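A.B. asks: Below: one structure in C-alpha cells.
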Amino acid sequence: MKSEIIKTKAAELGFDACGIAAAEKLNQEEIYLKSWLDSGFHGNMQYMENYFEQRISPDLLLDNARSVISVLMNYYPKELLTEKDNYLIAKYAYGQDYHFVLKKRLYQLIDFLQLHFPKGNFRCFVDSAPVLEKTWAMRAGLGWIGKNSCLINPKIGSFCFIGEIITDIELEADKPEKSRCGSCTKCMGNCPTQAIVKPHIIDSNRCISYQTIENKENIPDEIRSRMGKQIYGCDICQNVCPWNQSFAKSTDYQEFKPSENLQNMTREKWQNLSQSEFKKLVKHSAMSRVKFEKMKENIRNVQ
C-alpha cells in the first residue's frame with residue numbers, strides 16, 4: 001500500500017514511471033565498475049574513480065537506507081531540430097536543464113513523503129552524485145539496460161531522464177525487468193566510432209558524446225573524422241534502437257521544448273556564434289556544461 005501511494009503521487013507530479021528497489025549493496029555492479037575503470041574506458045573523467053564505495057552502497061549516501069525510489073521523465077521532442085543546413089545536438093539538451101526540472105518535482109515528492117512518513121529520511125539525486133541510476137531503475141522494474149548502456153523502458157523507450165530518492169523507509173520492492181534486446185545489435189553496428197566494444201560496455205574514449213562534452217583535450221583525428229554533424233552529444237545508438245522506433249513518444253513537458261533561439265540556429269549562425277550569443281543560447285540548458293571554446297572546437301571539427 002505504501003508503494004502504491006508513492007507511485008500515484010509520482011504520476012500526479014508528472015513522472016512517466018515510478019518503481020522501487022530494495023537498497024542493497026550492488027555486488028555485481030562493483031565488479032563491472034572496477035573492470036570498466038581499470039580498462040580506462042572512462043577516459044579523463046577522473047570523477048568516476050571518486051566515491052567508489054558510495055556508488056555501490058546506498059547506505060553510505062543515506063544512513064540506514066532501505067529503499068530506492070526511481071522515476072522516469074520522458075524527453076523525446078515533438079519536433080526534431082532541423083538537420084538541413086544545421087548541426088546536431090543530443091535531444092536531451094533541447095530544452096531546460098533536466099537536473100533542475102527533475103529535482104523540482106522530486107522535492108515535491110519528498111514533501112509528500114514526509115507528510116505520510118514523518119519519521120522517514122529522504123535524499124534525492126539527479127545525475128549529479130555517485131549513484132548508479134540506471135541500475136536502480138532496472139532493479140525497480142522500470143526497464144532494462146540495453147547493449148548501448150541506456151535504460152530502455154518497454155512503454156517509452158530510452159529517451160528518458162532518471163531520478164532517485166533514497167530513503168530509510170522499507171517499501172515493497174518491484175521485480176526487476178528482464179532484458180528484451182535479444183540478438184539485436186543495431187546500436188553496436190551503427191555506432192560510427194565503435195564505442196560499444198561489447199554489449200553494455202562503452203569505451204568513452206571512442207564515444208562522440210564523451211568527446212564533444214566531457215573531453216577537455218583535443219579530439220583524436222580518428223574520432224573527429226567520424227563525428228558527422230554532431231557538435232554536442234550523440235543519439236545515434238538510441239535512434240536506431242527498435243524499441244525507440246516503435247515506442248518512443250513525444251513529451252508533453254514544455255520545459256524540454258527547444259528555445260526559439262535554438263530552433264533558429266543554422267550552420268552559419270553556429271560558425272559565427274559569439275561568446276555572448278552562446279551564453280544566451282545555453283542559459284538554463286544542459287549545454288551550459290561545455291564552455292564556449294569547447295563548442296567552437298566541436299564546430300570546427302565537423303565543418
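A.B. asks: What number, rounded to the nearest 500 deg cm²/dmol, is the helix-based mean residue ellipticity at 222 nm of the chain, given -39500 (n - 2.57) per DSSP H run of at least four residues and division by all its residues?
C.D. replies: -9000 deg cm²/dmol
A.B. asks: Above 15 Å lies some portion of the pair distances; for segment 97-161, what is it as a whole percent of all C-alpha pairs?
C.D. replies: In whole percent, the long-distance tail amounts to 61.
A.B. asks: Could you compute the net charge surrounding ASP85? Neighbours are other residues with a C-beta less than 14 Å from the C-beta of ASP85; K and R count +1, D and E count -1.
C.D. replies: Combined, the nearby Lys, Arg, Asp and Glu give +2.
A.B. asks: Moving on to the next point. What is segment 84-229's relative contact order, in percent, from Cα pairs under 8 angstrom and six or more apart in sequence?
C.D. replies: Answer for segment 84-229 is 22 percent.
A.B. asks: Continuing with the same structure: With a 1.4 Å probe and all protein chains left in place, how much of the accessible area of the chain comes from carbon and sulfur atoms, in whole percent?
C.D. replies: After summing per-atom areas, the C and S share lands at 48 percent.
A.B. asks: Report, in debye and to the nearest 20, how large the dipole of segment 99-202 comes out about its Cα centre when Lys and Arg carry +1 and Asp and Glu carry -1 on their Cβ.
C.D. replies: The calculation lands at about 420 debye.
A.B. asks: Sticking with this structure for a sec: Pop a pseudo-label 7 angstrom from the Cα along the beta-carbon direction at both SER274 and SER246 and give the gap in nm to one decimal.
C.D. replies: 5.1
A.B. asks: Work out how far the C-alpha atoms of segment 53-153 reach from end to end along every principal axis, then list the three figures in whole Å, largest first.
C.D. replies: Principal extents (largest minus smallest coordinate, Cα): 56, 31, 22 Å.
A.B. asks: Something else about it: In percent, how large is the relative contact order of the chain, given Cα pairs closer than 8 Å and 6 or more residues apart?
C.D. replies: Dividing the mean separation by the residue count of the chain yields 25 percent.
A.B. asks: About the Cα centre, and with charges only on the beta carbon of Lys, Arg (+1) and Asp, Glu (-1), how big is the dipole of the chain? Nearest 20 debye, please.
C.D. replies: So the magnitude is around 680 debye.
A.B. asks: Roll a 1.4 Å probe over the protein chains and send me the accessible area per residue for segment 160-303 in Å².
C.D. replies: Result: 54 Å² of accessible area for each residue.
A.B. asks: Still on this structure, I have one more. Just to confirm my understanding: which cysteines in the chain have no other cysteine beta carbon less than 4.7 Å from their beta carbon?
C.D. replies: Here CYS18, CYS124, CYS150, CYS160, CYS181, CYS184, CYS191, CYS207, CYS234, CYS241 come out as lacking a disulfide-compatible partner, given the Cβ-Cβ threshold of under 4.7 Å.
A.B. asks: Right, something else. Going through segment 50-114, which GluC sites (Glu not before Pro) have at most 11 other Cβ atoms within 10 Å and a DSSP loop state?
C.D. replies: GLU79, GLU83
A.B. asks: If you don't mind, there's one more thing I want to ask. Which one, GLY43, ILE162, GLN96, projects farthest toward the positive side of the charge dipole computed for the chain from Cβ point charges (K/R +1, D/E -1)?
C.D. replies: Final value for the positive-end residue is GLN96.
A.B. asks: For the peptides 87-94, 108-115, what is the packing order when you average, over each peptide's residues, the other Cβ atoms within 10 Å and list the highest mean first?
C.D. replies: Most protected by this proxy first, the peptides run 87-94, 108-115.
The values are calculated or read from the model by the stated rules, or taken from the named source; none is laboratory data. Just so it is clear, the model here is predicted, and its values are computed rather than measured. Please note: Cβ atoms are built from the backbone with ideal geometry, for glycine as well, and neighbour counts cover all protein chains shown. For accessibility, only protein heavy atoms count, side chains too; no ligands or nucleic acids. Shrake-Rupley method; radii C 1.70, N 1.55, O 1.52, S 1.80 Å.
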